[in-house]
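Report on one structure; see the data block that follows.
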Amino acid sequence: MPHLTIQSLDDGGRVHVNSFAYTISTPTDPFATEIIQTLPTIVLIHPVYAAAAMLHPIFADRHLRRFNIVVMDLRGHGETKADVDDNYGRAVLAADVLKITEQLKIPTFHVVGIATGGSVALELAILAPERVRSVFVISPAPQVEPVESIQGRQEIADLWNQAHRTDSTEIDEIAAADAIYGALQLMYSNIETPLTKAFTSYGVSKARLNWTGENLHLINTVTVDFFLNQHPFTASPSSLKRIRAPVMLIHCSEDIVYPHSDARELLELLLEADVDARLAVLEGAPHWGWVTHPEETNALLYDFIMSNCELDASKLPPPPDSVESPFLEELARHGFVEDESDVDLE
């Protein structure tokens, strides 16, 4: 993945140089260096525990590839090398996305956020309402993270810390396996497919790149403190009124982390703020439903983008006969063999 360098000043006047990994795909080029300015752009925001390559099902859909699609590894994830401070939260990540899209010369965009990425997507729509065309949120997070979720995420982090102790040269494979199993329960509710297995292998490799050694503590910052640092949108009711873009919330019916009532509460808050918002249910899908149910997810996303597209459908390029995902080669190294029927929309 290419990298983009962003410099920033902290409160003490010190310069921080951060390197963000990103990918751009256009209808004709999975490894584009820039967007096609005449086409709408979709910006994807992954959840915690994930990285850009885990958005492969969206990049592999030939209908969604009528648009530019852009994704970046967030701080503390994937191949990005950036400071992760104690204030790590949706505001920091949203500011990063705005800076990255500015440098990539993306003036306006449709944003897709998954779970915690959905909170970042809504923050983007608040911070830059003139730039966000629409917001599509899969497995929307509640206003306050449930105690059970925090406890479960802390248990996963504790097991990971136990497995990768800095005072030992060997990995405690039993503790590591328990940590991975806990994360998989959260993500997939024990559903296993070729793609979930490849994502697990890929995700563990990136976790060991980012959350071991002197950075072992970052698993707590990124996967637990992120939630503890969040303030509910209701803490500033006027903030949601800044959202001009239509919002689609997708609740996954078998989500063991966030029940339907959480998505319904967020919908009501958005409607009270006069946001054009709606809620749909992805039946049979776990928390990470875009992985296990890619056809259904992509169909909902495509219809939503088309209904809010700034360009007449006749001016969009037709769906290509086939597309290449920029992440297929990487995922193949982790055991995935593509089956086009898994992600293609008829």
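Look through Ser322, Ser307, Ser314 and report the one residue that is closer than 21 Å to Val132 by Cβ and among the small types (Gly, Ala, Ser).
Result of the check over Ser322, Ser307, Ser314: Ser307.
Looking only at the stretch 23-49, count how many residues are crowded, with 21+ Cβ neighbours inside 10 Å and assigned to a strand (DSSP E or B).
8
Does Phe327 qualify as being surrounded by 21 or more Cβ atoms within 10 Å (Cβ to Cβ), more than 20 Å from the chain's Cα centre (by Cα) and closer than 24 Å to Phe31 by Cα?
So Phe327 does not fit the description; no.
Can you name the residue in the stretch 276-299 that is in contact with a Phe, Trp or Tyr (Cβ under 8 Å, 6 or more places away or on another chain) and hydrophobic (A, V, I, L, M, F, W, C) and is also nearest to Leu39 (Cα to Cα) among such residues?
That would be Val291.
So Arg131 passes all but one of these: (1) at pLDDT below 95; (2) under 22 Å from the mean Cα position of the chain (by Cα); (3) farther than 27 Å from Glu296 by Cα. Which condition number does it fail?
It is condition (1) that Arg131 fails.
Which pairs do you get when a residue that is of a type in the set (Gly, Ala, Ser), found in the stretch 318-346, comes within reach of a residue that is part of a loop (DSSP other than H, G, I, E, B) and modelled with pLDDT of 90 or more, reach meaning Cβ atoms under 6 angstrom, with the pair 6+ apart or on two chains?
Once the first residue is of a type in the set (Gly, Ala, Ser) and sits in the stretch 318-346, its partners that are part of a loop (DSSP other than H, G, I, E, B) and modelled with pLDDT of 90 or more give Ser325/Ala60.
So the check is Cβ under 7 Å with 6+ separation or different chains; which pairs have a first residue in the stretch 230-247 that's under 25 Å from Phe304 (Cβ atoms) and a second one that's of a type in the set (A, V, I, L, M) and loosely packed, with under 13 Cβ neighbours inside 10 Å?
Cβ pairs passing all conditions: none.
Conditions first: (1) within 30 Å of Gln162 (Cα to Cα); (2) part of a loop (DSSP other than H, G, I, E, B); (3) acidic (Asp, Glu). Glu214 passes all but one, so which condition is the exception?
(2)
Based on what the data block shows, is Ser239 over 18 Å from the mean Cα position of the chain (by Cα), modelled with pLDDT under 95 and surrounded by 14 or more Cβ atoms within 10 Å (Cβ to Cβ)?
yes
Residues are listed down the side, and each one gets a yes or a no for (1) among the hydrophobic types (A, V, I, L, M, F, W, C); (2) over 18 Å from Ile191 (Cα atoms); (3) at pLDDT 95 or above; (4) touching a Gly at 6+ places or on another chain (Cβ under 8 Å):
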site: Ser261; (1), (2), (3), (4): no, yes, yes, no
site: Val275; (1), (2), (3), (4): yes, yes, yes, no
site: Ala280; (1), (2), (3), (4): yes, yes, yes, no
site: Gly284; (1), (2), (3), (4): no, no, yes, no
site: Pro294; (1), (2), (3), (4): no, no, yes, no
site: Leu300; (1), (2), (3), (4): yes, yes, yes, no
site: Lys315; (1), (2), (3), (4): no, yes, no, no
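Of the numbered conditions (1) in contact with a Pro (Cβ under 8 Å, 6 or more places away or on another chain); (2) under 28 Å from Gln185 (Cβ atoms); (3) surrounded by fewer than 24 Cβ atoms within 10 Å (Cβ to Cβ), Arg131 satisfies every one except a single condition; which is it?
It fails just one condition, (2).
Report those helices (runs of 4 or more DSSP H) wholly inside the stretch 258-331 carrying at least 2 residues which are among the β-branched types (Val, Ile, Thr).
Once the helices (runs of 4 or more DSSP H) in the stretch 258-331 are filtered for at least 2 residues that are among the β-branched types (Val, Ile, Thr), what remains is 289-292, 294-307.
Tell me whether the stretch 65-87 contains one or more residues that are in a loop (DSSP other than H, G, I, E, B), at pLDDT 95 or above and out of contact with any Leu (no Cβ under 9 Å at 6 or more places or on another chain).
Within the stretch 65-87, one or more residues are in a loop (DSSP other than H, G, I, E, B), at pLDDT 95 or above and out of contact with any Leu (no Cβ under 9 Å at 6 or more places or on another chain).
Is it the case, given these coordinates, that Thr41 is in contact with a Ser or Thr (Cβ under 8 Å, 6 or more places away or on another chain), of a type in the set (Ser, Thr, Tyr), in contact (Cβ under 8 Å) with a residue 24 or more places away in the chain and over 24 Å from Gly203 (Cα atoms)?
Yes; evaluated as a whole, the condition is true for this residue.
Go through the stretch 120-137 and give me each residue that's of a type in the set (Asp, Glu) and farther than 19 Å from Ala235 by Cα.
Glu130
From Ile219, Ile250, which residue is buried (at least 18 other Cβ atoms within 10 Å of the Cβ) and not in a helix (DSSP H, G or I)?
It is Ile250.
The values are calculated or read from the model by the stated rules, or taken from the named source; none is laboratory data. Predicted, not measured: the structure shown is a model, and the values here were computed from it. Note that each Cβ is placed from the backbone with ideal geometry, even for glycine, and that neighbours are counted across all protein chains shown.
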